[in-house]
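Every number here is computed from the coordinates shown, using simple stated rules; none is lab data. Just so it is clear, the structure is predicted and the values come from calculations on it, not from any experiment. Cβ placement follows ideal geometry from the backbone for every residue including glycine, while neighbour counts extend to all protein chains displayed.
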Amino acid sequence: MSIITEMSELLQKGKAKKVKELVEQAIVEGLDPKVILNEGLLSGMMIIGEKFKNNEVFVPEVLVAARAMNAGLTVLEPKLVEVGNEPVGKAVIGTVQGDLHDIGKNLVVMMLKGAGFEIHDMGVDVAPEAFVEKAEEVGADVICMSALLTTTMPKMEDCIEVLKERGLRDKYIVMIGGAPVNDSFAKQIGADYYTPDAASAAEVAKEAVLSK
Ligand code: B1M
């Protein structure tokens, strides 16, 4: 069995320590960090997601798989992130209120760091007002919101409403992402950009800040 397949399978079983060791080994063997991420870690997480949807596994199994994913990511992060000297801009990022999913958001954080952003990561379950207050406090250029639940997506619009109410809408580039979100939802709520993955989020954020 290849190291990548083994990583994916151990992740599905929630073996965090072993996943971490395999990521370390894969790096030493010179495997491309993007292959380790996409084919080793994310593919395992996607299989768990499918099984979860089909009631073949339940929240505890998903949780341990997510922990194993995060354990692998901590080792992989320095390889995915190559920060330049001058910060491109400042970004405030978080998962919206009521939502505890943070794996995708953490990937966006890594990619933004790699693109040269100074990051203010607010974690999960972030209230609409809190995004705005943090952005004002740190002098952010970009506000990035992640949502994984259809029930929490409306919190993104609430944040944009808070910006409008406070006369701050044009001050910030607002970006959204997460599995249930799409471009038409971004247009509907008045966000500036929707991006489907972490790499494109970083690219778009950089372009948007440089052309502002
Ligand atoms: Co949850 N969960 N979960 N879960 N979970 C989903 C999202 C679900 C689709 C599973 C399913 O039914 N198939 C479903 C949502 C259904 C819906 O709303 N339509 C669901 C549910 C229902 C729930 C609970 C309600 C389950 C329950 O308790 N009964 C509960 C809710 C808790 C809460 O948040 N209040 C819950 C709990 C959990 C765990 C805690 C067990 C765990 C999260 C652990 C953690 O994150 N630390 C978990 C997980 C792991 C998942 C799945 C299996 C995987 C999500 C994930 O990490 N994917 C997920 C099924 C799935 O998505 N297939 C599921 C990998 C990650 C890299 O992808 O986050 O999409 P993603 O990020 C992508 C892009 O979307 C994008 O970049 C990333 C890739 O590069 N992106 C952005 C993300 N954020 C961005 C922000 C940006 C730009 C791009 O800003 C600019």
## Note on the structure
Taking Cα atoms only, helix 154-165 is inclined relative to the longest principal axis of the chain by an angle, in degrees rounded to 10, of 30 degrees
### Summary
Residue-ordered couplings for segment 97-111, obtained by feeding phi - 60° into the Karplus form 6.51 cos²θ - 1.76 cosθ + 1.60 and rounding to whole Hz (Gly and Pro as x), are 3, x, 10, 10, 6, 10, 5, x, 4, 5, 5, 5, 4, 4, 5
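Name the shape class, rounded, prolate or oblate, that the alpha-carbon gyration tensor gives for segment 90-210, where a ≥ b ≥ c are the square roots of its eigenvalues, rounded holds for a/c under 1.5, and otherwise prolate holds if a/b is larger than b/c and oblate otherwise. Intermediate results must be reported in sequence, preceding the final value.
On the way: a/c = 1.25, a/b = 1.04, b/c = 1.20.
It is rounded, given that a/c, with a ≥ b ≥ c, falls under 1.5.
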### Query
In terms of modelled amide H atoms, which long-range or inter-chain residues lie less than 5 Å from the amide H of Asp99?
Asp125, Val126
### Task
Work out how much length Asp158 to Lys90 would gain on full extension: take 0.36 nm times their residue separation and subtract the Cα-Cα distance, in nm to one decimal.
22.3 nm
### Query
Mind checking the angle between helix 128-138 and the chain's longest principal axis? C-alpha axes, 0 to 90 degrees, to the nearest 10.
80 degrees
### Message
Tell me the relative contact order for the chain as a rounded percent, counting alpha carbon contacts under 8 Å between residues six or more apart.
### Response
17 percent
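Give the calculated FRET efficiency between Ile27 and Val62 to the nearest 0.05, with a Förster radius of 22 Å applied to their Cβ-Cβ distance. Walk me through the numbers before you get to the answer.
Values: r = 26 Å, r/R0 = 1.19.
Once the sixth-power term is evaluated, E becomes 0.25.
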### Candidates Gln25, Gln97, Gln12, ranked by Gaussian network fluctuation over the chain, Cα under 10 Å, top entry
Gln25
### Query
What 222 nm value per residue comes from the helices of the chain, counting each DSSP H run with n ≥ 4 as -39,500 (n - 2.57) and dividing by all residues, nearest 500 deg cm²/dmol?
-16500 deg cm²/dmol
#### Entry: For segment 11-18, Karplus couplings with θ = phi - 60° (6.51, -1.76, 1.60), whole Hz, Gly/Pro x
4, 4, 8, x, 7, 4, 4, 5
### Message
Just to check I understand the Karplus step: with θ = phi - 60° and J = 6.51 cos²θ - 1.76 cosθ + 1.60, what whole-Hz values come out for segment 178-193, glycine and proline as x?
### Response
x, 3, x, 8, 8, 5, 5, 5, 4, 5, 4, 8, x, 6, 7, 9
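Which pairs, out of Lys134/Lys187; Lys155/Lys212; Lys13/Lys113; Lys34/Lys105, put more than 22 Å between their alpha-carbon atoms?
Values: Lys134/Lys187 24 Å; Lys155/Lys212 26 Å; Lys13/Lys113 30 Å; Lys34/Lys105 17 Å.
The answer is Lys134/Lys187; Lys155/Lys212; Lys13/Lys113.
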### Query
If r is the Cβ-Cβ distance from Lys187 to Asn54 and R0 is 30 Å, what FRET efficiency results, to the nearest 0.05?
0.40
### Task
May I ask you to derive the FRET efficiency for Asn70 and Ile3 from their Cβ-Cβ distance with R0 = 25 Å, giving the value to the nearest 0.05?
0.85
